[in-house]
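The values are calculated or read from the model by the stated rules, or taken from the named source; none is laboratory data. None of the values given here were measured: they were computed from a predicted structure. Note: ideal-geometry Cβ built from the backbone for every residue, glycine included; neighbour counts use all protein chains shown.
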Protein chains: 2
Amino acid sequence: MYKQKPKNLVNLTKGEMANWLNSFDTVLTDCDGVLWHEGVAIDGVPAAISLLKTLGKEVYFVTNNGIKTRHDIWKTAMGAGFDVPETRIIAPISGIVEYLQARDFRKKVYIIGAEAVRSELTAVGIESFGPGPDVLAGKLSDYIAQHVNDTEAHEVGAVVVGFDEHFSFAKMLKACHYLGTNPDCLFMSTNFDHVHRYPAFSVPGTRALLVALETCVGRSALQFGKPNAEICAELIKSGRVVPARTLMIGDVCKVDILFGHNCGLQTLLVGTGFNSVYELNEILQNPSENERYIPDFFVPSLGDITKLV
Amino acid sequence: MYKQKPKNLVNLTKGEMANWLNSFDTVLTDCDGVLWHEGVAIDGVPAAISLLKTLGKEVYFVTNNGIKTRHDIWKTAMGAGFDVPETRIIAPISGIVEYLQARDFRKKVYIIGAEAVRSELTAVGIESFGPGPDVLAGKLSDYIAQHVNDTEAHEVGAVVVGFDEHFSFAKMLKACHYLGTNPDCLFMSTNFDHVHRYPAFSVPGTRALLVALETCVGRSALQFGKPNAEICAELIKSGRVVPARTLMIGDVCKVDILFGHNCGLQTLLVGTGFNSVYELNEILQNPSENERYIPDFFVPSLGDITKLV
């Protein structure tokens, strides 16, 4: 099944293209870098998604965005010209909320992450705290005396870690205490991005924050972002997604394509991600070692599909 | 050479004890948990160190303390009743300073760590910045625009990471930029402690901060604390420490004892560390997997030595 090199959709004949389109019923697509850039649709991509829907495909948007609620992401999608129901947005925060609800979670959640995590939890009646700055102003011992206590620790039943620009030693100290005091305290994370690379700088990713905590507490977090299959386990279990008849579209090999492989899906890499072509070429230098990162198909932009049909 | 279980010095005959004392000329000893607790000497230990010196042993204090200068540690030692020359204190910060001096380092050092790192660097004329709070008050994009730029990045030739209670996302962002922009930028760390455990709480260790940065930048720091042999490489190279005739004393198997093994030294674990007996028992449950953490000898307290001779 896995190829040494992805097939470029541009090189398929009309017949091959029609066969390919008939090979899946469901499409999972990443958002940023595939559908839009910073909320602005990539040329021709809204039309390509419409075409897929016209052809009868069920389309889901699967994002690793851990700082926005499902509703926020849905608004971005609508604003960029994509017509998608809110329930078709699959995001780490909603995955975490559903996981807690399924377990009838009644304790508090400590959040190292964005306000969006809190609002999603509040919406389903789960109490939480943590987002925003938490800074150690005076002495470490004073902070510990004031903020690290067992009463609070016993109330906390889950620590959720996502992207947090206010990540701090004080937050590490608290998470370390809640997770260390109570072995049953859940430890969950939104996504696994090491770093976000931009042309002029890089921004540390959730994974960097998470490994710091994992190192202190000596256990691993359950992860709700791609490439972990957990994020669509429910969709597969319920039969809404049949892996053998599903296509995963993404722009990052080590996240989206690996996720596709982890779930047993067919995969398509698009070249509109900031780094996708560079990353693909690196991976293809050692295909045998990188088998799970190699997509089945490649297309310069998802927008090209309309021209190829 | 490695034992399934350490020999307890208390069970040696006078003759065996004398033979053991004749088996080494040099002693490297950890400080906190072996010599003192929070600056107060452990009962009988100053007398034990005096005895070793009377017997002709050369004694060095080897600490992983990455928040104090060598001079501060020397003052603690003197205040606790240990008569040791300042040059016999081996500490990560002084190791880092010597490493930079040996390379005629002329750029700036960015410190994620304590003020002590800056004062040791200033003392030898190396410019540095970083200690203290660095908090992201407004928007992430504004912070990046103001604080993350290439001019500064080109001036930074080393990033030093130590224990830092002011560790923050803003600091990660800067370190990530300096190390990412310039592959020649040195990346160094004081010590490798995952976490500091106390009865009522735990405090994240330097290693937790370090892995966060290593995850972002995709490379490993050169480490100047135990168990890395780097910290006494110079002592061995110069012949002042002859591994086969040297005893390492410590209270943490995975740091001090492993360090002893890494340097080819004989090892003695003391039971005065907060966690040493518990840790040893855990390790002895799987001796074949934990060979490098098992000390050659054990003694409840270093102070006991005076009674055994």
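What to note about this one:
- Per the listing A:195, A:211, A:159, the residue uniquely out of contact with any strand residue (DSSP E or B) (no Cβ under 9 Å at 6 or more places or on another chain) and among the aliphatic types (A, V, I, L, M) is A:211.
- Residue selected from segment B:81-94 under the condition part of a helix (DSSP H, G or I) and crowded, with 22+ Cβ neighbours inside 10 Å, by the criterion nearest to the chain's Cα centre (by Cα): B:92
- Test: residue B:53 is charged (D, E, K, R) and assigned by TED's automatic domain parsing to the domain that holds residue B:264: yes
- Taking the criterion of being free of Cβ contacts under 8 Å to residues at least 60 places away in the same chain, part of a helix (DSSP H, G or I) and not aromatic (Phe, Trp, Tyr), the residues of segment A:270-291 that qualify are A:277, A:279, A:281, A:282, A:283.
- Options A:39, A:33, A:56; residue that is on the phi > 0 side of the Ramachandran plot and over 19 Å from the mean Cα position of the chain (by Cα): A:56
For (1) in contact (Cβ under 8 Å) with a residue 60 or more places away in the chain; (2) touching a strand residue (DSSP E or B) at 6+ places or on another chain (Cβ under 7 Å); (3) over 28 Å from residue A:229 (Cβ atoms), each residue gets a yes or a no:
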residue	(1), (2), (3)
A:4	yes, no, no
A:17	yes, no, yes
A:21	yes, no, no
A:24	yes, yes, no
A:29	yes, yes, no
A:48	yes, no, no
A:56	no, no, no
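- Considering residues of segment A:148-162 that are within 10 Å of chain B (Cβ to nearest Cβ) and assigned to a helix (DSSP H, G or I) only, the residue nearest to residue B:216 (Cα to Cα): A:153
- Taking segment B:6-16 as the range and being surrounded by fewer than 16 Cβ atoms within 10 Å (Cβ to Cβ) and either within 26 Å of the chain's Cα centre (by Cα) or of a type outside the set (S, T, N, Q) (or both) as the test, the residues that pass are B:8, B:10, B:14, B:15, B:16.
- Boolean, residue B:69 is over 17 Å from residue B:224 (Cβ atoms) and either out of contact with any strand residue (DSSP E or B) (no Cβ under 8 Å at 6 or more places or on another chain) or of a type in the set (Gly, Ala, Ser) (or both): no
- Any hit, segment A:90-100, residues being out of contact with any Phe, Trp or Tyr (no Cβ under 6 Å at 6 or more places or on another chain), modelled with pLDDT of 95 or more and acidic (Asp, Glu): no
- Looking only at residues of segment B:138-191 that are of a type in the set (Gly, Ala, Ser) and under 16 Å from residue B:105 (Cβ atoms), we find that the one that is nearest to the chain's Cα centre (by Cα) is B:158.
- Segment A:31-46, subset in contact (Cβ under 8 Å) with a residue 12 or more places away in the chain and charged (D, E, K, R), residue surrounded by the most Cβ atoms within 10 Å (Cβ to Cβ): A:32
- Verdict on residue B:165 being within 10 Å of chain A (Cβ to nearest Cβ) and modelled with pLDDT of 95 or more: yes
- Residues that are facing chain A (nearest Cβ under 9 Å), of a type in the set (A, V, I, L, M) and loosely packed, with under 14 Cβ neighbours inside 10 Å within segment B:126-147 comprise just one, B:137.
One line per residue, one yes/no per condition, for (1) out of contact with any Asp or Glu (no Cβ under 9 Å at 6 or more places or on another chain); (2) closer than 20 Å to residue A:166 by Cβ:
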site	(1), (2)
B:99	no, no
B:115	yes, no
B:138	yes, yes
B:149	yes, no
B:155	no, no
B:197	yes, no
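- Exactly one residue out of B:115, B:120 is acidic (Asp, Glu), away from chain A (no Cβ under 12 Å) and surrounded by 19 or more Cβ atoms within 10 Å (Cβ to Cβ): that is B:120.
- Filter result for the condition that a residue is over 22 Å from residue A:143 (Cβ atoms) and touching a residue at least 24 places away in the same chain (Cβ under 8 Å), over B:178, B:198: B:178
- Qualifying residues in segment A:222-252 (those that are touching a Pro at 6+ places or on another chain (Cβ under 7 Å) and outside any loop (DSSP other than H, G, I, E, B)) - the one nearest to residue B:210 (Cα to Cα): A:231
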